[in-house]
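Chemist: Got a structure for you, questions after.
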Amino acid sequence: MTNRVEKKLDLVVIGSGLAGTAATCFATARGLSVVQVSATSGELAFASGLLDLLEVYPLDEKKHWDNPWEGLEALIAGSPRHPFAKIGIERIRKAIEKFTRFAAEAGFPYRGYADRNVRIPTAAGTVKPTFRVPESMWWGALALDRRLPALVIDFEGMKDFNAKLMAEMLRRQWPLLRAKRFPFPSKLTGDDRSVPVLADAMETAATVRGIADLVAPHIEGCQALGVPAILGIRSTAAIIAALEERLGVHVFEIPTMPPAITGFRMREAFEKSLTELGAEILRGRLALSARIDDGKCTGIVTGRNEWRETFEPEGVILATGRFLGGGLTAGRTEIRENLFGLPVAQPKDRESWHRENFLDERGHPANEAGIEIDSDFRPLGPDGRAAFENVFAAGSILAHQNWVRTKSGGGLAVATAYAAVEAFLKARGESGR
Ligand SMILES: Cc1cc2nc3c(=O)[nH]c(=O)nc-3n(C[C@H](O)[C@H](O)[C@H](O)COP(=O)(O)OP(=O)(O)OC[C@H]3O[C@@H](n4cnc5c(N)ncnc54)[C@H](O)[C@@H]3O)c2cc1C
């Protein structure tokens, strides 16, 4: 077995979902030396790119909030154990602002309103509330809001996207939305019409012109054109601008089913920017174990197959997610945290993990399982005190929240990542900015 001991550094961030990525952004922006390791090639590639903050709370009342900040005030007052309650409104605002600014500088700009959720049309013909949308989707929200006459298109052979069905489903909310199907205007090898294949083909100017030529005879009377999110991988803004210029209408993307190209774009943009800022991003690299000395994590052993590399950071941010990400495992009788063996807050027995109705609006108790933290985002040990003085946690691994049902995934990941990085700096004696 090969074993390499790495130089000392400020932070190891474990996980490349939204929480780990946001933590790496906040830490590099503060000038810290950071290594980010993740078992997979980056969960962001599965994400829609949308940034939810809060839409539903409390779950048993199914109360919907148009203004997520008012919803957060209610949540903080009503659920003091929720991670948002440990951060507070002002710091959540700051985290979202800083993260979206970073995203814009990285080439993945977001749009949204100051104090209300955006509503965007989805491929399923539903309306999804969220807080921030990738810029390429913004005109979808505006066109729906203003009920503009619009055309939505799809392409022959495309799976999981049906423009006609989408327009049909949205008929009541968006009566002036029409649909049209076209052959994809560039030669593709094979029959694959999946999103990545089409997005790659869109990087060619001839394909963009081809789409404009196909659509032009059908766009009269419309003010906006909706296209499935396939408008390129690196050149989305330029492709949208070219289509808008040729067709004289606003062009927007509609999020597709995961894995979506928007998540892939987001991952590419962040990785490039973080690497330029000096962060080391290591994919396909498992954090296998932690070395603990005197209540402190002094080493993270990472590796693949027979190869090992140990990092000796001043601090660790645990952003390994829940069951899907691999941070937690549901065993036969209990839910476990996989890396540090931390206690997991969970229902008292397996019978209480799930409610009878799988689709119960209140969610399942197992989906609020996770690790508990102190006010400085340090995971708690069995004695109810911080398990290690220099380990901090962020994202969906945290207990007492159901990000899926409350529709707060992105916001929770970003805000807790911010709080965890700030807590690390505070522990080092560096005040927050
Ligand atoms: C399909 C999908 C759709 C989404 N849609 C939305 C949406 O519409 N709106 C929104 O706001 N958010 C959305 N999100 C993002 C979602 O909000 C966040 O992904 C979620 O909150 C969890 O983020 P996380 O970073 O905590 O964990 P995860 O995304 O689960 O990431 C965990 C990471 O930890 C790594 N890991 C685990 N164990 C180890 C180990 N031992 N060593 C190294 N690495 C390890 C994994 O490889 C992974 O990189 C979506 C995500 C997905 C996957």
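Chemist: Which one of these is part of a loop (DSSP other than H, G, I, E, B), in the same structural domain as P83 (by TED's automatic domain parsing) and under 28 Å from the mean Cα position of the chain (by Cα): G321, G303?
Modeler: Values: G303 fails: part of a loop (DSSP other than H, G, I, E, B).
Just a single option satisfies the conditions, and that option is G321.
Chemist: Still on this model: I want to confirm something. Restricting to segment 324-337 and keeping residues that are over 22 Å from the mean Cα position of the chain (by Cα) and in a loop (DSSP other than H, G, I, E, B), which single residue is nearest to the ligand (Cβ to nearest atom)?
Modeler: If we filter segment 324-337 for residues that are over 22 Å from the mean Cα position of the chain (by Cα), which is where we start, we get 330-336.
Adding the requirement that they be in a loop (DSSP other than H, G, I, E, B) leaves 331-334.
Numbers: G331: 16, R332: 21, T333: 22, E334: 18 Å.
My answer is G331.
Chemist: Same structure again: Spot the failing condition for E271; the list is (1) closer than 18 Å to G17 by Cβ; (2) assigned by TED's automatic domain parsing to the domain that holds S16; (3) assigned to a loop (DSSP other than H, G, I, E, B), and only one is missed.
Modeler: Condition not satisfied by E271: (3).
Chemist: Select from segment 108-132 the residues that are closer than 23 Å to A238 by Cβ and out of contact with any Asp or Glu (no Cβ under 9 Å at 6 or more places or on another chain) and write down the one among them that is farthest from the ligand (Cβ to nearest atom). Give the derivation first.
Modeler: Of segment 108-132, the ones closer than 23 Å to A238 by Cβ are 108-112, 120, 132.
Next cut, out of contact with any Asp or Glu (no Cβ under 9 Å at 6 or more places or on another chain) only: 112, 120.
On the way: G112: 12, I120: 10 Å.
Here the answer is G112.
Conditions (1) within 16 Å of the ligand (Cβ to nearest atom); (2) in contact (Cβ under 8 Å) with a residue 24 or more places away in the chain; (3) not aromatic (F, W, Y), marked per residue:
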residue	(1), (2), (3)
F377	yes, yes, no
D383	no, no, yes
S396	yes, yes, yes
T406	yes, yes, yes
L412	yes, yes, yes
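Chemist: Restricting to helices (runs of 4 or more DSSP H) lying wholly in segment 63-178: which have 1 or more residues that are open to solvent by 30 Å² or more (accessible area, probe 1.4 Å), in contact with a His (Cβ under 8 Å, 6 or more places away or on another chain) and not aliphatic (A, V, I, L, M)? If you could, list the steps in order and put the result at the bottom.
Modeler: Numbers: elements: 68-78, 83-87, 89-105, 138-145, 163-169.
It comes to 138-145.
Chemist: Go through (1) within 30 Å of I317 (Cβ to Cβ); (2) within 19 Å of the chain's Cα centre (by Cα) for I254 and report which single condition fails.
Modeler: It is condition (1) that I254 fails.
Chemist: Of all residues being in contact (Cβ under 8 Å) with a residue 40 or more places away in the chain and acidic (D, E) in segment 266-281, which is least open to solvent (accessible area, probe 1.4 Å)? Just the residue, please. Don't jump to the end; show me each part of the working.
Modeler: Let us first name the residues in segment 266-281 that are in contact (Cβ under 8 Å) with a residue 40 or more places away in the chain, namely 266-267, 269-274, 277-281.
Of the ones still in play, those that are also acidic (D, E) are 271, 280.
Working: E271: 49, E280: 67 Å².
My answer is E271.
Chemist: Would you point out which residue out of G190, G232 is more than 23 Å from T126 (Cα to Cα), open to solvent by less than 40 Å² (accessible area, probe 1.4 Å) and either assigned to a loop (DSSP other than H, G, I, E, B) or of a type outside the set (A, V, I, L, M) (or both)? Steps first, answer last, please.
Modeler: On the way: G190 fails: open to solvent by less than 40 Å² (accessible area, probe 1.4 Å).
Answer to the check: G232.
Chemist: Any residue in segment 40-56 that is assigned to a strand (DSSP E or B), in contact (Cβ under 8 Å) with a residue 60 or more places away in the chain, under 17 Å from Q401 (Cβ atoms) and away from the ligand (no atom under 11 Å from the Cβ)? Quick ask: steps written out before the conclusion?
Modeler: Taking segment 40-56 as the starting set, the residues that turn out to be assigned to a strand (DSSP E or B) are 51, 56.
With in contact (Cβ under 8 Å) with a residue 60 or more places away in the chain added as a condition, the list becomes 51, 56.
Now restrict to residues that are under 17 Å from Q401 (Cβ atoms): 51, 56.
Keeping just the survivors that are away from the ligand (no atom under 11 Å from the Cβ) gives 56.
Within segment 40-56, one or more residues are assigned to a strand (DSSP E or B), in contact (Cβ under 8 Å) with a residue 60 or more places away in the chain, under 17 Å from Q401 (Cβ atoms) and away from the ligand (no atom under 11 Å from the Cβ).
Chemist: Next question. Let me confirm something: among G284, G278, which residue is at positive phi and under 21 Å from the mean Cα position of the chain (by Cα)? Give the steps one after another, and end with the answer.
Modeler: Working: G278 fails: under 21 Å from the mean Cα position of the chain (by Cα).
The conditions single out G284.
The values are calculated or read from the model by the stated rules, or taken from the named source; none is laboratory data. What you see is a predicted model; the values in this text were computed from it and never measured. Here the Cβ is made from the backbone with ideal geometry for all residues, glycine too, and neighbour counts use every protein chain on show. Only protein heavy atoms, including side chains, enter the accessible area calculation; ligands, DNA and RNA are left aside. Shrake-Rupley method; radii C 1.70, N 1.55, O 1.52, S 1.80 Å.
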